[in-house]
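Okay, structure first, notes after.
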Amino acid sequence: MTHDKEKARGVQASGLPNKRFSKDAHHNCSAVDRLLPRLGKLKETGAGTWMASCPAHDDRRPSLSIKQVDDRVLVHCFAGCDASDIVAAVGLSLSDLFDEPLAHHRTPLSEARRMRYSQAAEALRALRDEVFVVVLAADRLAAGHGLSGNDLTRLHQAHGRIMPAADIAAGGAQ
Ligand SMILES: [Zn+2]
């Protein structure tokens, strides 16, 4: 296993054993870097493609194909093992097949979502205030008072504020 590990490292570091340690933290998040050292009989078969022994079944000949595609690694066992079984057999999970752990992707997403929710909350407060203006106008009308020019202008203003606020609130709820 140590021998295979060394071979895997050789593939990664192009013969410079210390290279992986001098790289930044992002490099250590690479899916290939996580997976390849854990596989036996690893052999580079092309640019970003490897063959190795499948860890999920008793594999005499390397029947596991590994391919780097964009920011992830595809694994395929020609004997038919599931990708989830293959990664589990070497102590990884499917999310480890992505260059960065999924947690890294979640952070900015939830940040964006929180931003949308706070915009939505602001929009809902604006809706509440503008609806109050409309209700006041309705009360005036119901009491038999007419609406002044200023009242009418304010009602149109309320309408102009409610429309975009509703859109923002709807966007935040998605
Ligand atoms: Zn297999």
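Conditions (1) within 16 Å of the ligand (Cβ to nearest atom); (2) of a type outside the set (S, T, N, Q); (3) touching a strand residue (DSSP E or B) at 6+ places or on another chain (Cβ under 8 Å); (4) under 30 Å from A158 (Cα atoms), marked per residue:
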| site | (1), (2), (3), (4) |
| --- | --- |
| L42 | yes, yes, yes, no |
| T45 | no, no, yes, no |
| R61 | yes, yes, no, no |
| D96 | no, yes, no, no |
| F132 | no, yes, no, yes |
*Subset of region 137-174 (residues that are at pLDDT below 80 and part of a helix (DSSP H, G or I))*: A166, I168, A169, A170, G171, G172, A173
*Select from region 63-89 the residues that are outside any strand (DSSP E or B) and more than 14 Å from the ligand (Cβ to nearest atom) and write down the one among them that is surrounded by the fewest Cβ atoms within 10 Å (Cβ to Cβ).*
D70
*Just name the residue that is modelled with the lowest pLDDT out of those in region 10-43 that are over 18 Å from L97 (Cβ atoms) and not in a loop (DSSP other than H, G, I, E, B).*
S22
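Looking only at residues in region 49-59 that are within 11 Å of the ligand (Cβ to nearest atom) and of a type outside the set (S, T, N, Q), which one is nearest to D33 (Cα to Cα)? Steps first, answer last, please.
Restricting attention to region 49-59, the residues satisfying the condition of being within 11 Å of the ligand (Cβ to nearest atom) are 52-59.
If we keep only those that are of a type outside the set (S, T, N, Q) as well, we get 52, 54-59.
Details: A52: 14, C54: 17, P55: 17, A56: 19, H57: 22, D58: 24, D59: 22 Å.
Checking each candidate, the answer is A52.
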_Can you confirm whether C77 is hydrophobic (A, V, I, L, M, F, W, C), under 18 Å from L92 (Cβ atoms) and at pLDDT 95 or above?_
no
*Tell me, which residue of region 98-118 that is at pLDDT below 85 and either within 16 Å of the ligand (Cβ to nearest atom) or touching a helix residue (DSSP H, G or I) at 6+ places or on another chain (Cβ under 7 Å) (or both) is farthest from A166 (Cα to Cα)?*
D99
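The values are calculated or read from the model by the stated rules, or taken from the named source; none is laboratory data. Since we're looking at a predicted model, the values are computed, not measured. Please note: Cβ atoms are built from the backbone with ideal geometry, for glycine as well, and neighbour counts cover all protein chains shown.
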